[in-house]
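The next block holds one structure in the form of structure tokens; read it before the comments.
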Amino acid sequence: MNIASKYNPKVTEEKWYNFWEEHGFFHSEPNEKPSYTIVIPPPNVTGVLHMGHMLNNTIQDILIRKARMSGFNACWVPGTDHASIATEAKVVNKLKEQGVNKSDLTREEFLDHAWEWTHEHGGLILEQLKKLGASCDWERTKFTLDDDLSESVTQVFVDLYNKGKIYRGYRMVNWDPEAKTNISDEEVIYKEKNGKLYYVAYQIEGEEDTITIATTRPETILGDTAICVNPNDERFTQYHGKKAIVPVVGRVIPIITDEYVDMEFGTGALKITPAHDVNDYELGKKHHLEIIDILDDDAKLNEFGLQFKGMDRFVARKAFAKELKEEGALVKAEDYKNKVGTSERTGAVIEPKLSVQWFLKMKDITQPAIDAVANNEVKLFPDKYRNTWNHWLENVHDWNISRQLWWGHQIPAWYYGDGQVDFVVAHDADEALSLAKEKTGKEGLTLNDLKQDEDALDTWFSSWLWPISVFDGINNPDNAEINYYYPTKDLVTGPDIIFFWVARMVMAGYEFRDEKPFENVYFTGIVRDKQRRKMSKSLGNSPDPIDLMNKYGADGVRVGLMLSSAAGNDLLFDEDLCLQGRNFANKIWNAFRLIHNWEVSDNEETKAAKYANDWFESKFNRTLADMEINFEKFRISDALMGLYKLTWDDFCSTYLETIKPGYEEPIPVKTRDKAVAFLEDLIKLLHPFMPFLTEEIWQTMEERKVEEALIIAAYPKSKNVNSADIERFEYSLEIISTIRNLRNEKQIALKETLEIYTENDYEFYAPVVEKLANAKLVLTENIPDDLFSFRVGKQEFYISLEDFIDPEEEIKKLTDEVAYLEGFLKSVRKKLSNDRFVNNAPDAVVEAERKKESDALEKIELIKEQISKLK
């Protein structure tokens, strides 16, 4: 068979991916095997592949392929998330470009546009994952708005409402004026921004005196309903019980006292705007203050904004500050840096806003998630995330689950009567009507009398059910699939969604199935560039994954990602590592070609080959055992690095060189067969990391049936390791390395056979040394005095160099080396003669200096001996 001189990933990847899909190797059905299940963290349905996805899905594919080869019924469920805020924002922008506003459309009309957008742009990322080699069960692909998943969401909402765990409340929320919806605390990103701190004087009613406050948001003065001071602050005692006049507005407001006020912060006096600050809202409730909301949903000033009505909040800020100055109420304005809450999705500055929303009580359902991690029922890797987990869950707030969006799961609540006061929660409109009749006693009610809540549920309210709902475990809690595949085995995800998703899935698992959703959670690091910046489109530092795979092959990129991915730490991505991955693929391919092209004979194996076989077999088993430990700890990069060294250094560079026949000579068939067996085992270990290359080599080595494909071949199991075989062979390699260094140092060509003498038995290392170092070993008790000596371990070796070196030049060179070492020895002894150093330095440091002294003395003695032999 004529094998290509170079590995061609472009041809190979499509060929083998189609082969795997066509023969159903990715598909899983419940059977007698133990299950191994992973559910993909569902990417946004209209998203495209980025480096974070590449890392996450490479790791998942490594785990699923290894499990499949290890005898598990491996099931990797793919899917996408409807991503309410992100998708709706894209659809709204598209409509704007066409001159259409969302407000001009009915809900149904808008959803038609959203589905059209989803069908047009959705699913691309899943197709891109195929290029990476992701061996997902594509027949199981799910979407969070699929009918059965939507039904699960409704069922859970109704169930939790009926348990008293979901309620409707009037609360301060985080309002995103760009997306026009509230978002959760976890979706607010705080960014440091440059702004101004305005000092504003409020006149005391009926007096000339003023009280000064400091604010970064002067426009909210329009909504002030009190000034608050600490009752213990003597600076303001005379104002207790008095009233102040809001500048520009002219409204008279009370001056109240509360120990909440920090006397050291700002001026010590606090303006209270209950509608636009969380803490002010709590003070407002406590002191029964009026609430004046000055902003509309677009963050523009409303009728309470007086002459500033219709202005954007930031425009109004400058205009209001100008008017304060003209009125003489602006004492001063200073440059000021403060952290401002922004929307994770849109980047808009968040506006605290009072609103009626739906909430899920979290206190009761969080405890099982705390216990699960504490008891190691759910294991977190790296373990450092346990503290993060506990801190958040022990301080959790009720989950605001409603969003002012149309794209998503519409809240299954129906209002009847006037306004949005009376409502029922039901699975569908017919059930809602029945409940409304029962609640009101009005049998004449019709569906026209009911109006479903306009809001959609938070996207995470569907994805927290993902490990259960993909197997229909909510709607059919005792079906065969949920009983077989659940709990899943491993979850691979980013630490940025530990609260949004991971913790909530654990809560859902215990709430709805009284069981954990997965056994292990592996948090990957964040992909950063060499300057440690997070990769992003805006910085232009994120390469296109598809371009990388076209350039280096999918296997090369997979290896490059994993080599730079220390367990759970941020990944410093360097494209050169993909080049290293491609070079690794070529090295393996060339090793395969070398073995394949050898002619064979019936000759006896050489001793060198026998020793090499014993050594590599034990080295393979030791590496395999280490890999298993690393996989258990999710140190997948370390597992690959061990395998990389075993393949490149031990197999390609040492083993094959040791057994390789002479030029145009055949190799003993027994040796060749052993090399093929080793290569097959290596290919099996490499397959989860480099699926395309390995399947190509596997299928080219010999003709195989479909059921003999590498993807389902049995993964090797570690056998006994003979440490003596490893130590003996690697002692031979030490001798070879020393001889090669000597050749380089003395500029002796490799073609020159060196005669090396020793007084010790050399039987166990001579064949390998003679083969790889081009040397002839001689055992003798009578070592001539004029030979050059070198030591490996405790054994001394001697070599005649007179035919290869100029004695005078060598003496000069060695004399210079002695002079350098004597100077070094002098500096070490000076340090050791210093009592202050010896008495105060750590014992280990002093001991290290003494070792330097003894090593230098030994080297000087050895070199002087060499000089004497050359004279």
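Each of 195, 170, 485 was placed along the dipole of the chain (beta-carbon charges, centred on the mean Cα), and the one lying farthest toward the positive end is 195. Scanning residues 5 or more positions from residue 181 or on other chains, those with amide H under 5 Å from its amide H are 176, with H placed 1.01 Å from N in the peptide plane. Residue separation of residue 719 and residue 853 scaled by 0.36 nm, minus their Cα-Cα distance, works out to 43.8 nm of gained length.
Placing R0 at 51 angstrom, the Cβ-Cβ distance between residue 339 and residue 70 gives a FRET efficiency of 0.55 after rounding to 0.05. To put it simply, the accessible area of the chain at a 1.4 Å probe is 47 percent carbon and sulfur. Looking at segment 704-775, the GluC sites (Glu not before Pro) that sit in a DSSP loop and have at most 12 other Cβ atoms within 10 Å of their own Cβ are 752, 763.
The label point for residue 829 and the one for residue 216, both projected 7 Å from the Cα toward the Cβ, are 6.8 nm apart.
Place a point 7 Å from Cα of residue 120 in the direction of its Cβ. Which residues in segment 79-96 have their backbone N less than 19 Å from it? Answer for segment 79-96: 82-96. Backbone phi angles across segment 474-486, fed through the Karplus curve with coefficients 6.51, -1.76 and 1.60 (θ = phi - 60°), yield HN-Hα couplings of 8, 6, 10, x, 10, 6, 4, 6, 5, 5, 8, 8, 10 Hz in residue order; Gly and Pro are listed as x.
Working note: Karplus 6.51/-1.76/1.60 with θ = phi - 60° gives segment 208-218 the couplings 7, 5, 10, 10, 9, 10, 10, 8, 8, 10, x Hz, where Gly and Pro are set to x.
Which pairs break 23 Å Cα to Cα here: 489/717; 165/300; 96/353? Violating the 23 Å limit, Cα to Cα: 165/300; 96/353.
Pairs from the table (102/442; 90/180; 102/337; 102/130; 180/339) lying more than 25 angstrom apart at Cα are 102/442; 102/337; 102/130. FRET efficiency for the residue 700 to residue 776 pair, using the beta carbon distance and R₀ = 30 Å, is estimated at 0.15.
Rounded to the nearest 5, the antiparallel percentage of DSSP beta bridges internal to segment 661-799 is 60%. The lysines within cross-link reach of residue 771, meaning a Cα-to-Cα straight distance under 27 Å and a gap of 8 or more places when in the same chain, are 587, 607, 610, 619, 645, 660, 670, 674, 746, 751, 794. What FRET efficiency do you get for residue 104 and residue 439 if R0 is 35 Å and r is their Cβ-Cβ distance, rounded to the nearest 0.05? The value I calculate is 0.50. Measuring nothing but how far apart in sequence close Cα pairs (under 8 Å, 6+ apart) lie, relative to its length, segment 664-788 scores a relative contact order of 17 percent. In this simple spin-label approximation, residue 258 and residue 15 carry label points 7 Å from Cα along the Cα→Cβ vector, and these lie 7.4 nm apart.
Taken per residue, the accessible surface of segment 245-313 reaches 49 Å², heavy atoms only and a 1.4 Å probe.
The residues of segment 724-871 have, on average, 63 Å² of accessible surface per residue, using a 1.4 Å probe with all protein chains present. Scalar couplings 3J(HN,Hα) for segment 63-73, obtained by applying the Karplus form with A = 6.51, B = -1.76, C = 1.60 to θ = phi - 60°, are 5, 6, 5, 5, 4, 4, 6, 8, x, 8, 7 Hz; x denotes Gly and Pro.
Averaging Cα coordinates gives a centre for segment 281-338 and one for segment 752-797; these two points are 90 Å apart. Please state the shape class of segment 1-138: rounded when a/c is under 1.5, otherwise prolate if a/b exceeds b/c and oblate if not, all from the C-alpha gyration tensor. The shape class here is prolate. Distance between the 7 Å Cα→Cβ label points at residue 371 and residue 318: 5.8 nm.
Taking a quarter of the surface of the Cα convex hull of segment 415-506 gives a mean projected area of 8.5 nm².
The trypsin sites (Lys or Arg not before Pro) found in segment 137-173 that occupy coil by DSSP, while having at most 12 further C-beta atoms within 10 Å, are 163. Accessible surface computed residue by residue for segment 506-592, with neighbouring protein chains in place and a 1.4 Å probe, gives 39 Å² per residue. Over segment 207-280, with a single point scatterer placed on each C-alpha, what log10 of the ratio I(q)/I(0) does the Debye formula yield at q = 0.14, 0.17, 0.24 1/Å? Here log10 of I(q) over I(0) equals -0.39, -0.59, -1.22.
Can you give the calculated 222 nm mean residue ellipticity of the chain, where each DSSP H run of n ≥ 4 adds -39,500 (n - 2.57) and the sum is split over every residue, rounded to the nearest 500 deg cm²/dmol?
For the chain, the value works out to -13500 deg cm²/dmol.
For the pair residue 625 and residue 3 in one chain, pulling the backbone fully straight at 0.36 nm per residue adds 220.6 nm over the alpha carbon distance. Normalised by the number of residues in segment 763-842, the average gap of Cα pairs under 8 Å and 6 or more apart makes the relative contact order 12 percent. Near the amide H of residue 331, within less than 5 Å, lie the amide hydrogens of 199, 200, 201, all on another chain or at least 5 residues away, with H placed in the peptide plane. Assuming charge only on the beta carbon of Lys and Arg (+1) and of Asp and Glu (-1), the dipole of the chain about its Cα centre is about 1580 debye to the nearest 20. When you restrict to C-alpha pairs under 8 Å that are six or more residues apart and normalise by the size of segment 1-130, the relative contact order lands at 33 percent. So which trypsin sites (Lys or Arg not before Pro) in segment 1-34 are both in a DSSP loop and have at most 16 other Cβ atoms within 10 Å of their Cβ? Those that pass, being in a loop and sparsely packed, are 6.
Toward the positive end of the charge dipole of segment 34-120, with +1 on the Cβ of Lys and Arg and -1 on the Cβ of Asp and Glu, the farthest Cα among 92, 72, 44 is that of 72. Among bridges DSSP assigns within the chain, what percent are antiparallel (round to 5)? Counting DSSP beta bridges with both partners in the chain, the antiparallel share is about 70 percent. DSSP bridge analysis restricted to segment 465-621 gives an antiparallel fraction near 10%, rounded to the nearest 5.
Expressed in nm to one decimal, what extension gain is obtained for the pair residue 586 and residue 815 from 0.36 nm per residue of sequence separation less their Cα-Cα distance?
Between residue 586 and residue 815, full extension yields an extra 77.8 nm.
The values are calculated or read from the model by the stated rules, or taken from the named source; none is laboratory data. These figures come from a predicted structure and were not determined experimentally. Glycine also receives a Cβ, built like all others from the backbone with ideal geometry; neighbour counts cover every protein chain displayed. All accessible areas refer to the heavy atoms of the entire protein, side chains included, with ligands and DNA or RNA removed. Shrake-Rupley method; radii C 1.70, N 1.55, O 1.52, S 1.80 Å.
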